[in-house]
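The values are calculated or read from the model by the stated rules, or taken from the named source; none is laboratory data. Since this is a predicted model, take the numbers as computed values, not measurements. Neighbour counts are summed over all protein chains in view; Cβ atoms, including those assigned to glycine, are modelled from backbone coordinates with ideal geometry.
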Amino acid sequence: MVSTGEEIVCRLHRAALTPWQTQQVPAHSAGMTSTGMSFSSSYPGSHQPAPTTKLKIRDGAYIAPLDPAQPTWRLKQQVTRARCEAALHCSRTDAVLSHEAAAHIHGLPLWEAEPDITTVQRRTPHRVTYAYPVVDYPSASPADERPDAAQIRPGRRTVHRRRVQHLEDHEVVVIDGLRVTALQRTVIDCALDLHPRDALVVVDGYLRRCALASGSEDPESPRFRRAEKKARSELRACLARHRARRGRRRAETILEHASARSESPLESALRWVILQAGFPPPVLQLRVTGDRGYYRVDIAWPALAIFVEADGLMKYEARDGRVLAQEKMREDDLRRLGTVLRFVWREVAAVEPVVDALMQVFPDKIVANLHPVPGLLP
């Protein structure tokens, strides 16, 4: 935490100020710590000028400048955390982080690296939305076009949305000083209200966390499968308590198609593209035996010998020649067994490149009879 004589440095410990009874929950991620937020005279009670050497998060809220040595994804996590803190600070005392913001604090995966921030409260807010300033990110990642040169890339334009909703006492918890909706309530809110792709990413991540908590990482093991089944059942029971809310049918569809086998947001989003386009449901993390051993394929249709990989590029950041060589051998093995397609973030986000590529390799009979899943359509 950085402080000077010209700033007021504030941590958010607001649980005692609100009428809700909350429980303290340990942070799931080691990175869930205070950002050292500084508030200027834009807020009541402060008589300090706005700092000139800080990064502006929103009116009157600042953090230390971003470290260009850090990967962009980590910097975006830092900014998102700061936006969550600022949203609670400037909202009514009973405000609670929900939806993507709560998912971020709980450590669940998100499709958007910079999600919108949503808070819920009991009374109608004076101002419903607030547009955050766009943050420029310094980048020197190996995934950039010129890895040896730092670049500045503008981030996503995000907003703070305030909702009026009723929360039971057990649906509000405190994580590292931040008031957020409880884990299952957070997942259900996302399933009900987010874009189906974004919701599937969150629900997949929750199911996977529960399955891994069983002590097994093998998706074929009975413990893994029992834990996933139990988590899905609990989510359905939670959803049943929200019969009057819009989006319930879509949420039910998302819970039906969600899977603990999905290992990353990119895999979840890629599966959403496949299902909403009407292709047959694939097998996830299929074990395939090749000439050099066995592998797990992200997405596959074994009867058609079609294998799809979600290529997030994270595994290449170290630029280790051994990693690249092993991946090349793995690719060669898979291509001897069938057709291999690889998709990166940009292609999955665009949707059409994935659908077009799949249409080229699927039999004409299947392509002519695609059946999109209605509950997954955007």
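Things to note:
- Residue in region 40-53 that is outside any loop (DSSP other than H, G, I, E, B) and either modelled with pLDDT of 90 or more or crowded, with 16+ Cβ neighbours inside 10 Å (or both) present: no
- When region 83-105 is filtered for residues that are among the small types (Gly, Ala, Ser) and under 16 Å from ARG127 (Cβ atoms), the ones remaining, listed by number, are ALA86, ALA87, SER91, ALA95.
Conditions (1) over 21 Å from the mean Cα position of the chain (by Cα); (2) buried (at least 22 other Cβ atoms within 10 Å of the Cβ); (3) modelled with pLDDT of 95 or more; (4) closer than 28 Å to LYS365 by Cβ, marked per residue:
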{"position": "ILE254", "(1), (2), (3), (4)": "no, yes, yes, no"}
{"position": "ARG271", "(1), (2), (3), (4)": "no, yes, yes, yes"}
{"position": "VAL283", "(1), (2), (3), (4)": "yes, no, yes, yes"}
{"position": "ASP291", "(1), (2), (3), (4)": "yes, no, no, no"}
{"position": "LEU324", "(1), (2), (3), (4)": "yes, no, no, no"}
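- Listed conditions (1) at pLDDT 85 or above; (2) part of a loop (DSSP other than H, G, I, E, B) are all met by ALA357, apart from (2).
Residue-by-condition table, conditions (1) among the β-branched types (Val, Ile, Thr); (2) at pLDDT 95 or above; (3) in a helix (DSSP H, G or I); (4) not assigned by TED's automatic domain parsing to the domain that holds PRO109:
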site: ARG153; (1), (2), (3), (4): no, no, no, no
site: ARG162; (1), (2), (3), (4): no, no, no, no
site: VAL173; (1), (2), (3), (4): yes, yes, no, no
site: LEU192; (1), (2), (3), (4): no, yes, yes, yes
site: LEU200; (1), (2), (3), (4): no, yes, yes, yes
site: VAL203; (1), (2), (3), (4): yes, yes, yes, yes
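- Qualifying positions in region 64-87 - surrounded by fewer than 23 Cβ atoms within 10 Å (Cβ to Cβ), hydrophobic (A, V, I, L, M, F, W, C) and more than 19 Å from the chain's Cα centre (by Cα): ALA64, LEU66, ALA69
- Filtered residues of region 360-378 (kept if surrounded by 14 or more Cβ atoms within 10 Å (Cβ to Cβ), in contact (Cβ under 8 Å) with a residue 12 or more places away in the chain and not in a loop (DSSP other than H, G, I, E, B)): VAL361, ILE366, GLY375, LEU376
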